[in-house]
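Okay, so here's the structure we're looking at.
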Amino acid sequence: MGTIEINNLSFKYDNMSQNIFNKFDLNIDEKWKLGLIGRNGRGKTTFLRILQKKLEYHGSITTNLKFAYFPQFVKSKNLSTQNVLLQLANLTVSDLWKIQIEMDKLHLNDDILNRPFNSLSPGEKPKQN
């Protein structure tokens with residue numbers, strides 16, 4: 001079983017006067033389905049970068065899990081959104097239903113799948129990545 005144990009996490013960028021995280025404690029079980037939500041500039045991406053060991057921080061993070069960060073880089077933006085998503089998720093067309101279930105949760109219509117990825121609006125692209 002995988003866990004993430006965070007103890008006394010503190011972090012701030014060099015140009016900041018206050019910490020984004022200040023003595024933050026959290027325990028997460030891999031079975032949980034979690035989402036980070038919040039306004040821009042509140043530390044969501046910073047937290048993910050810390051988990052990926054891309055930023056130096058104070059405190060401790062103990063885990064036996066590997067982390068993937070989304071959005072991922074899309075190589076061929078001219079492909080259909082369906083093909084981009086299948087490639088990113090390493091799925092076949094027979095697994096498309098898995099993507100459609102997630103799209104339904106985001107209140108996205110299936111017609112998006114047939115559109116070229118590069119035609120998606122800036123608001124649609126992160127939902128797809």
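No lab work stands behind these numbers, since they all come straight from the coordinates. As the structure is a prediction and not an experimental result, all values here were calculated from the model. Neighbour counts run over all protein chains shown; Cβ positions are idealised from the backbone, glycine included.
For this structure, a couple of remarks:
- Estimated dipole of the chain in Debye, rounded to 20 [Cβ of Lys and Arg +1, of Asp and Glu -1, Cα centre]: 340 debye
- When the helices of the chain are scored as -39500 (n - 2.57) per DSSP H run of n ≥ 4 and the total is divided over every residue, the value at 222 nm lands at -6500 deg cm²/dmol.
- Residue pairs, from the table Lys53/Lys105; Lys23/Lys105; Lys33/Lys54, whose Cα atoms sit over 26 Å apart: Lys53/Lys105; Lys23/Lys105
- Residues within the reach of a label modelled at Lys66 (point 7 angstrom out along Cα to beta-carbon, backbone nitrogen below 20 Å), restricted to the range 83-97, are 86-92.
- Rounded FRET efficiency, nearest 0.05, which uses the C-beta distance separating Met1 from Ser94 and R0 of 22 Å: 0.15
- Relative contact order of the chain: 24 percent, from C-alpha pairs under 8 Å at least 6 residues apart in sequence.
- Dipole of the chain computed with +1 at Lys/Arg Cβ and -1 at Asp/Glu Cβ about the Cα centre; of Ile112, Gln72, Trp32, farthest Cα towards the positive end is Gln72.
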